[in-house]
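First comes the structure, then the notes that go with it.
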Amino acid sequence: MSSRNTKVDLLKYEHPKGSKIKISLRENITRGEAWGNSYRVYVPARYTGKSYAQTSFQTEEEAKAHAERIYEEHQVHGPIATELTTPQVCDAIDAIKHLKGLGVEQSLLEVVKYAGPRLKPKGGRVTVFDAINQMIKSRENMGYRKHGEKDVRNRLLTFADSFGNQFVPDLTKLEIMDWIQNLHKNNGESLAPRSRRNYYRRIVQFLNWCKGRDYIVTSPLDNVPREERRAIIGKADQNPAKIYTVQEVSKLLELTLTSANWKRLLPIWTLGFFCGLRRSELFKARFEDIRIDGEDAQIYVHPVGAKLRGERLTTIPPNALQWLSLCEDRTGAIYKYSGSTYDRDCKDLHRFANIERSDNSLRKSYGSYLYAYTMDDQLVAAEMGQPSSDTKTFHRHYKALVTKKDAELYRQITPPVSDSKIVRLVS
């Protein structure tokens, strides 16, 4: 007797009715012995587009469910399928082949659902230039700091110079990161890692704003690996803190006494070198904010001017008080001129003194010398307006190597005049 398995149809019926789909009950026989039943579904060619198909199931419920699903899908999609033109059918076939060639496991429908919102966003297709202008305008009356908003505007408009005519959804990670990596100064030098990082952060901020406006579904800079960012932007330690030497600070401050234009730098430089105020805080400071109690002196830093929106009292060392006493007008703002005037005067004085100027070096010098003098990074962080627990920021961005001897000499930098010419400040 043959050992081959055989199956015999015991019963065949149509399901669902009128579908022409048949289900048969089959008896499984091996070596002439029946050992159980199964159910086979026969699907006509009208449903498959080719020859009829057969599928076996262990239970009748599974067979019926399969037949019903095929029938319902045909009822929904069958009429539409008949309306498709031959080119449309060929296009769909080519698309499926292309997806398989790329190794994409998703169905053509899933790919369309993914691509649709990106090709036609809910918020519409907007150019980079238009979106940036909308973002800038929407932020004008939201109470952001003017200095910060100026930075947002300048960096994003620089970005728009290269990508302004491009639609936001068409931006790619590769072209953005390549653009950041190739940024350079007007003299041809590459930007420092910190500057490139600031551009990166502003672009991320802009793309997230676009997501909120439904101009894009996802940002091309979402989930960029840390190592990839570092490869493009650079590490923080590639831009070590540049500070002034004791001799340079003394020379710069003494030169402010030789010219009326330069003398207006005296108070703002004094508070920068010996109190570590940020540029924005220096431009907000007033002589009335100086508080003297016996031998102790402090300056009150307004929360409006503080980067972390926190008010604080920063110590004014005795030698700084001597320099401040030489200021002719000790009322009102510490610096009464514009930022552009300040930058021009700084540039002229540095050129005359043959000393290299570096951004934020007044504050970096203060932090470095104070740390070498106290060896207390939490104290330094607090004096500089950072949370006392945030010592990492200080060590990473503001600390340069300074000897204890130089730190002591830094606190002894005083005006080159006799004590009789120094007027003691009073609160």
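Taking the helices alone, the chain has a mean residue ellipticity at 222 nm of -15000 deg cm²/dmol, built from -39,500 (n - 2.57) per DSSP H run of at least 4 residues and averaged over all its residues. Computed from backbone phi, the HN-Hα couplings of segment 259-274 come to 9, 5, 5, 6, 5, 5, 7, 4, x, 6, 6, 4, 6, x, 6, 10 Hz, rounded to whole numbers (Karplus: 6.51 cos²θ - 1.76 cosθ + 1.60, θ = phi - 60°; Gly and Pro given as x).
Each Lys and Arg contributes +1 and each Asp and Glu -1, all at the Cβ; summed about the Cα centre of the chain, the dipole is approximately 420 debye. Helix 339-353 axis versus longest C-alpha principal axis of the chain: approximately 60°, rounded to the nearest ten. Going down the table (K251/K399; K100/K173; K97/K120; K336/K404; K251/K405; K251/K284), which pairs top 30 Å between alpha carbons? Where the Cα-Cα span goes over 30 Å, the pairs concerned are K336/K404. Result for the chain in a Gaussian network model with C-alpha springs under 10 Å: among P220, P193, P87, the largest mean-square fluctuation is at P87. Among E105, E248, E228, the largest mean-square fluctuation in a Gaussian network model of the chain (Cα springs under 10 Å) belongs to E105.
With a/c under 1.5 counting as rounded, go ahead and sort segment 100-220 into rounded, prolate or oblate using the C-alpha gyration tensor (a ≥ b ≥ c being the square roots of the eigenvalues; past the cut-off, prolate if a/b is larger than b/c, else oblate). Oblate, since a/c reaches 1.5 and b/c is not below a/b. Taking amide H as placed 1.01 Å from N in the peptide plane, the amide H of A53 sits under 5 Å from that of V43, each at least 5 places away or on another chain.
So what is the accessible area of the chain per residue, in Å², with the probe set to 1.4 Å?
Details: 25460 Å² over 427 residues.
Value for the chain: 60 Å² per residue.
Candidate cross-link partners of K17 among the aspartates and glutamates, defined by an alpha-carbon separation under 13 Å and a same-chain spacing of 8 or more, comprise E68, E72. Ligands, DNA and RNA left out, the accessible area of the chain computed with a 1.4 Å probe is 50% carbon and sulfur. The Cα center of segment 350-377 and the Cα center of segment 252-306 differ in position by 15 Å.
Once C-alpha pairs closer than 8 Å and six or more residues apart are averaged by separation and normalised to the residue number of the chain, the relative contact order reads 11 percent. Of the listed residues E149, E68, the order by accessible area with a 1.4 Å probe, largest first, is E68, E149. Between D222, D94, D130, the GNM of the chain built on Cα springs shorter than 10 angstrom shows D94 fluctuating the most. Distant-in-sequence amide contacts of V126, defined by a placed amide H-H separation under 5 Å and a gap of 5 or more residues or a different chain, comprise V168. Near S190, the amide H atoms lying under 5 Å from its own belong to K185; only residues 5 or more places off or on other chains count, and H is placed 1.01 Å from N. Positive end of the dipole of segment 315-422 (Cβ unit charges, origin at the Cα centre): among M384, A400, I413, the Cα lying farthest that way belongs to A400.
Of the listed values (i) 40.3; (ii) 19.9; (iii) 35.6, identify the label whose number matches mean projected area of the Cα convex hull in nm² calculated from this model. Only one option fits the structure, namely (iii).
Ligands, DNA and RNA excluded, the heavy atoms of F394 present near 10 Å² of accessible surface to a 1.4 Å solvent probe.
The 3J(HN,Hα) values that the Karplus relation (6.51, -1.76, 1.60; θ = phi - 60°) gives for segment 104-120 are, in residue order, 7, 8, 5, 6, 4, 5, 5, 5, 5, 5, 6, 7, x, x, 7, 7, 9 Hz. Gly and Pro appear as x.
K137 contributes about 150 Å² of solvent-accessible surface, heavy atoms of the protein only, 1.4 Å probe. Comparing Y244, L326, L207 along the charge dipole axis of the chain, the residue lying farthest to the positive side is L207, per the Cβ-charge model.
Using a probe of 1.4 Å, the accessible surface attributed to Y13 totals some 60 Å² when neighbouring protein chains are kept in position. Among 211-218, 369-376, sorting by the average number of other beta carbon atoms lying within 10 angstrom of each residue, highest first, gives 369-376, 211-218. Taking the chain as the reference, fit the longest principal axis to its C-alpha atoms, fit the long axis of helix 146-163 to the helix C-alpha atoms, and give the angle between the two in degrees, 0 to 90, nearest 10. On a 0 to 90 degree scale, this one is about 50.
The values are calculated or read from the model by the stated rules, or taken from the named source; none is laboratory data. The structure presented is a predicted model; accordingly, all values stated were derived computationally and were not measured. Ideal geometry is used to build each Cβ from the backbone, glycine not excepted, and the neighbour counts take in all protein chains shown. SASA here: full protein model, heavy atoms, side chains in, ligands and nucleic acids out. Shrake-Rupley method; radii C 1.70, N 1.55, O 1.52, S 1.80 Å.
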